[in-house]
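The values are calculated or read from the model by the stated rules, or taken from the named source; none is laboratory data. Only a predicted model underlies this, so the values are computations on that prediction, with no experimental measurement involved. Glycine gets a Cβ as well: all are built from the backbone with ideal geometry, and neighbour counts include every protein chain shown.
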Amino acid sequence: MSFLENLRRNLADAPLHYRSWQARRDAGAERGGTYRVVVPLGVYNVYREHAEGLVDCLRALGRTAFLHPVKQLRHGGRLIPGDRVLAFAPDRLEPFKRAPGILYAAVNEEPYAARPDAGEDPPPRRSAGFLERCHLVFEANEALLEQAAELGLERAGVLPFGYSERWNWHAAPVKPRYDVAFLGRLATDHRRELWDAIRARFRVAPRNEAWGKQRARLLRAARIQLSLRVTEVPELAGHRFAMALANRCFLLSEPLPPGSPFQPGVHFAEATASSMIDRISRHLEHADPRAAIAARGHAFFRSEYRLETFVQRILPMLDFAMEAVREGREPESFGERRTDPAA
């Protein structure tokens, strides 16, 4: 990276560095027991609505919480015994050394590879070093939780990309200018090849990235929003579903893995890669059915898939784990109760 590129990036991140400093200052003035919601700087704009919504929910439920946009966990400032760290995007955070009296939890959104054949080692995961040092690990959606269970990984539950008032669902409608849009990186052959085929047939949005209210406008500017897999392995892109459903979009997705809370034909439409072009053509011809599916998905997300509901469910578990940490016990000593804090 050149000097000018580095300077531009630092200037662009200056507001986030200031916000991180404010969080360190305010959390440091507390006497412990605060929630430190940690989000890596590189993906803060991606997860901003969700991270801010999570802090809002914690505060609404009577907890002291601060949002820390950081490059690494150690940049979050001095931790006070009794603090609870909740980290997002752990695949972008370096492994850390536990501090005594601190509860460490993380939310995993990194997809799992297919189960390896007998005698083969599973492929390395970028988040593994960080997650193995956490007391509790939550999955970012129900499908990931089911996959983790199949792989024999102990998980505390689900903390998904649920609805909160931070989503721009109430923004003014935008007249659709494009047939199809996809928000996400075209970083794999599967996505690039499929997107190139779609782009050759339909009027597509000219870009694949946007943030904040601009992202909400772009979501509404297309008749069909796509959710494309990273590879051919089924996955539930929970954040992309949240963005689309919050903004009342008609979402067309490749088939999801088992465990998804979203139902094809009810909350979104489904198409395989080989049938994607044909399905797009058909859906573009029928505006009323598109609108009905978009409305049902939006209503489900707002009423049934609320972030505050999931936060309420995990708070007793976090409190129980904090008691064990204060007593100097390791996670194994309360592992049996991780999935059922009321047991």
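Things to note:
- Of everything in segment 153-190 that is among the aromatic types (F, W, Y) and modelled with pLDDT of 95 or more, the residue that is farthest from C249 (Cα to Cα) is F161.
- When residues in segment 285-301 are screened for being touching a helix residue (DSSP H, G or I) at 6+ places or on another chain (Cβ under 8 Å) and either modelled with pLDDT under 95 or surrounded by fewer than 16 Cβ atoms within 10 Å (Cβ to Cβ) (or both), 1 of them pass.
- Filtering A216, A210, A242, A273 for residues that are of a type outside the set (D, E), closer than 23 Å to V43 by Cα and part of a loop (DSSP other than H, G, I, E, B) leaves a single hit, A210.
- Qualifying positions in segment 226-276 - acidic (D, E) and crowded, with 18+ Cβ neighbours inside 10 Å: E235, E254
- If you go through segment 72-94 and pick out every residue that is basic (K, R), surrounded by 17 or more Cβ atoms within 10 Å (Cβ to Cβ) and over 18 Å from the mean Cα position of the chain (by Cα), you end up with 1.
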